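Notes follow once the structure below has been shown.
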Amino acid sequence: MRGSTRQLSDLVDQARRYGVRDEAVLEAIGRVPRQRFVPRRFASAAYDDGPLPIGEGQTISQPAMVAMMAEAARLSPHDCVLEVGAGSGYGALVLRALAGRVVTIERRPALAEKARAALATQGLGDVTVVVGDGTLGWPEEAPYDAIVVTAAGPAPPTPLLEQLAPGGRLVIPIGPRYGHQHLMRYTRPGPHDGRGGGNGSPGEEYREERLTPVRFVPLLGAHGFPGSK
């Protein structure tokens with residue numbers, strides 16, 4: 001069963017209330033069937049604008065937050081995107097509706113398999129689910145026009161910054177493990193960022209923008225917070 005027009009419209013309205021204005025993003029939120037990405041026992045709540053448990057101690061993100069992050073990534077139809085934190089696969093499908101290719105990385109193999117299966121039901125190519133430490137990125141498919149991170153880190157992971165294409169955007173919550181965090185956007189110098197230049201060296205200056213206060217689970221990994229859960 002796909003979400004009703006009214007249910008999907010409600011998600012779009014909620015995203016608008018959070019300040020999302022990009023019509024392409026709103027259209028994507030309005031057509032991705034969220035119920036395909038939640039456990040069956042939570043199907044009746046699939047179109048509530050809030051997180052839901054998906055197993056492994058993780059949750060599917062609030063749709064309005066998915067929309068806000070997608071808008072912040074400033075995607076174009078031919079962009080190659082890396083998502084860090086596949087979770088249920090819902091966010092990857094929203095990103096795929098806006099970009100040309102999506103790689104989504106998940107550190108928990110069981111969740112990665114569930115996301116892969118859920119995405120397969122949508123009949124879309126150009127979404128690849130991989131298992132690994134998301135703070136290290138996925139160099140095999142780099143460079144990326146945008147990287148979207150669905151957990152909060154203490155600082156932007158250097159490997160992710162280095163895997164951005166010139167003009168590429170890293171969208172990531174930054175802040176303490178538990179406490180006040182902000183959604184940030186880091187843009188690599190390049191021909192599409194309004195500044196020009198940029199040779200991809202680690203010492204180059206990235207444009208940093210603070211977007212909005214948020215609250216996310218901690219980003220675990222070699223360039224995130226320590227921990228295994």
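Brief remarks on what is shown
- Only Cα pairs under 8 Å and 6+ residues apart enter the sum, and on that basis the relative contact order of the chain stands at 14 percent.
- As computed over the chain, the Cα convex hull volume per residue (Å³): 114 Å³
- Cα centroid of segment 101-118 to Cα centroid of segment 39-69, whole Å: 16 Å
- Think of segment 30-142 as having a plus end and a minus end, set by charges on the Cβ of Lys, Arg, Asp and Glu; of Val103, Ala73, Thr121, Thr121 sits farthest toward the positive end of this dipole.
- A full extension of the chain between Arg17 and Glu56 corresponds to an added length of 11.0 nm, given 0.36 nm per residue minus the alpha carbon distance.
- Relative packing of peptides 218-224, 84-90, 5-11 - highest average C-beta neighbours within 10 Å first: 84-90, 218-224, 5-11
- Projected label points at Glu204 and Ala120, each 7 Å from Cα along the beta carbon direction, are separated by 3.9 nanometres.
- Unit charges at the beta carbon, dipole of segment 5-214: most positive-side option, Tyr206, Gly50, Trp138: Gly50
- FRET E, pair Ser44, Thr158, Förster distance 45 Å, beta-carbon r, rounded to 0.05: 0.55
- Stokes-Einstein diffusion for segment 20-150 at 10 °C, viscosity 1.306 mPa s, with a Kirkwood radius from C-alpha pairs, works out to 110 µm²/s.
- Those residues of segment 67-87 whose amide nitrogen sits under 20 Å from the label point placed on Ala222, 7 Å along Cα→Cβ: 82-86
- Note, ³J(HN,Hα) from phi for segment 24-39, Karplus 6.51, -1.76, 1.60, rounded to Hz, x at Gly and Pro: 5, 5, 4, 5, 5, 4, x, 10, 7, x, 4, 5, 6, 10, 10, x
- Between 0 and 90 degrees, the angle of helix 5-17 with respect to the longest Cα principal axis of the chain falls at about 40 degrees.
- Here the peptides 151-157, 76-82 are ranked by packing, the mean other Cβ count within 10 Å, and the order with the highest first is 151-157, 76-82.
- Folded to 0 to 90 degrees: helix 63-72 orientation relative to the chain principal axis, Cα: 30 degrees
- Dipole magnitude of the chain, debye to nearest 20 (Cβ charges: Lys/Arg +1, Asp/Glu -1, about Cα centre): 720 debye
Read-outs: derived from the displayed coordinates by stated rules, not from any lab. Being a predicted model, the structure only gives us computed values, none of them experimental. Virtual Cβ from ideal backbone geometry, glycine too; neighbours counted across all protein chains shown.
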